[in-house]
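The values are calculated or read from the model by the stated rules, or taken from the named source; none is laboratory data. Computed from a predicted structure; not experimentally measured. No Cβ is skipped: glycine too gets one built from the backbone with ideal geometry, and neighbour counts run over all protein chains shown.
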Amino acid sequence: MQAMKDYVVHIDNKKRVTLRGAAYQYYNVREYDNGCIMLEPRELVAPASISAKTLADMDRAIANFKAGTVSEEIDLSDF
């Protein structure tokens, strides 16, 4: 793979590096022991499915409901 850009950057006082003309706003960063840094572009989007943590919480809630571990009924007649 051929490099599209080749330039030198420096780290500022706050340990930041500036990317010139970056195509993405977010990057995943991997630092290696030999000093190499790998940047992979990331686009933040809403997930298309329910997360595993949420599904586990729902399973726990249903198990509690079936076991009778529930709060008292809420009176919604005023609404």
### Message
I need the full set of residues from segment 17-43 which are in contact with a strand residue (DSSP E or B) (Cβ under 7 Å, 6 or more places away or on another chain) and of a type in the set (Ser, Thr, Tyr), in order please.
### Response
TYR24, TYR26, TYR27
#### Entry: Residues that are among the small types (Gly, Ala, Ser) and closer than 30 Å to TYR27 by Cα, drawn from segment 40-79
ALA46, ALA48, SER49, SER51, ALA52, ALA56
### Task
Output the number of the condition that GLN2 fails; it satisfies all remaining conditions of (1) assigned to a loop (DSSP other than H, G, I, E, B); (2) touching a strand residue (DSSP E or B) at 6+ places or on another chain (Cβ under 7 Å).
(2)
### Query
If LYS5 satisfies every condition in (1) touching a Gly at 6+ places or on another chain (Cβ under 8 Å); (2) at pLDDT 90 or above but one, which is the exception?
(2)
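Yes/no matrix, rows are residues, columns are (1) assigned to a helix (DSSP H, G or I); (2) loosely packed, with under 10 Cβ neighbours inside 10 Å; (3) of a type outside the set (Asp, Glu); (4) at pLDDT 90 or above:
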site: ALA22; (1), (2), (3), (4): no, no, yes, no
site: ASP33; (1), (2), (3), (4): no, yes, no, yes
site: GLU40; (1), (2), (3), (4): no, no, no, yes
site: LEU44; (1), (2), (3), (4): no, yes, yes, no
site: ALA56; (1), (2), (3), (4): yes, no, yes, yes
site: ARG60; (1), (2), (3), (4): yes, no, yes, yes
site: ASN64; (1), (2), (3), (4): yes, no, yes, yes
site: GLU73; (1), (2), (3), (4): no, yes, no, no
site: PHE79; (1), (2), (3), (4): no, yes, yes, no
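Inspect segment 2-14 for any residue being surrounded by 10 or more Cβ atoms within 10 Å (Cβ to Cβ) and more than 19 Å from the chain's Cα centre (by Cα) and give the result as yes or no. Steps first, answer last, please.
Filtering segment 2-14 for residues surrounded by 10 or more Cβ atoms within 10 Å (Cβ to Cβ) gives 9.
Filter once more, so that each one left must be more than 19 Å from the chain's Cα centre (by Cα): 9.
Yes, the conditions are met somewhere in segment 2-14.
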